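Read through the structure below, which is laid out as structure tokens, and then see the notes.
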Amino acid sequence: KTPRSPDGKQIWLLPRAGDEPTNLTNRPEVHFGVAGWSKNGRYLTFQGYELARPGAEPTVWLYDTATRELRSLITPGTQPAWVP
């Protein structure tokens with residue numbers, strides 16, 4: 001939980017210095033978590049659960065820092081991890 005995400009369910013990208021944080025998800029109907037960076041730091045994966053849909057399957061999401069594109073990768077999918 002943070003002042004920008006009081007419910008603790010969204011993913012924010014924090015800059016190293018100076019710039020404002022960026023909300024990567026901004027989907028209040030989805031609870032995001034279990035994030036992990038690729039080895040080269042370009043990609044961030046995380047899982048999300050749609051809270052409004054009882055029994056909804058979790059989805060694995062991918063954020064590309066170079067293109068700023070967020071896309072769902074696979075449903076059902078949970079606990080994404082990068083393999084060396």
Those residues of the range 38-58 which are surrounded by 14 or more Cβ atoms within 10 Å (Cβ to Cβ), closer than 15 Å to THR78 by Cβ and more than 10 Å from the chain's Cα centre (by Cα) amount to TYR49, GLU50, ALA56, PRO58
Identify all residues within the range 62-84 that are under 19 Å from ARG27 (Cβ atoms), in a loop (DSSP other than H, G, I, E, B) and among the small types (Gly, Ala, Ser); write none if there are none. GLY77
Of the residues in the range 2-25 that are at pLDDT 85 or above and assigned to a loop (DSSP other than H, G, I, E, B), the one that is nearest to SER72 (Cα to Cα) is THR25
Before we move on, is GLY33 under 18 Å from SER72 (Cα atoms) and not charged (D, E, K, R)? yes
Restricting attention to the range 18-37, report how many residues are in contact with a Pro (Cβ under 8 Å, 6 or more places away or on another chain) and surrounded by fewer than 12 Cβ atoms within 10 Å (Cβ to Cβ). 0
Can you pull out every residue in the range 31-61 that is in contact with a strand residue (DSSP E or B) (Cβ under 7 Å, 6 or more places away or on another chain), among the charged types (D, E, K, R) and assigned to a loop (DSSP other than H, G, I, E, B)? ARG42
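Condition check ((1) out of contact with any Gly (no Cβ under 7 Å at 6 or more places or on another chain); (2) within 14 Å of TRP12 (Cα to Cα); (3) without any contact (Cβ under 8 Å) to a residue 40 or more places away in the chain) across all residues:
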position: ARG27; (1), (2), (3): yes, yes, yes
position: TYR49; (1), (2), (3): yes, no, yes
position: PRO54; (1), (2), (3): yes, no, yes
position: PRO58; (1), (2), (3): no, no, yes
position: LEU62; (1), (2), (3): yes, yes, yes
position: SER72; (1), (2), (3): yes, no, yes
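The values are calculated or read from the model by the stated rules, or taken from the named source; none is laboratory data. None of the values given here were measured: they were computed from a predicted structure. A quick note on method: Cβ atoms are made from the backbone with ideal geometry, for glycine too, and the neighbour counts reach across all protein chains shown.
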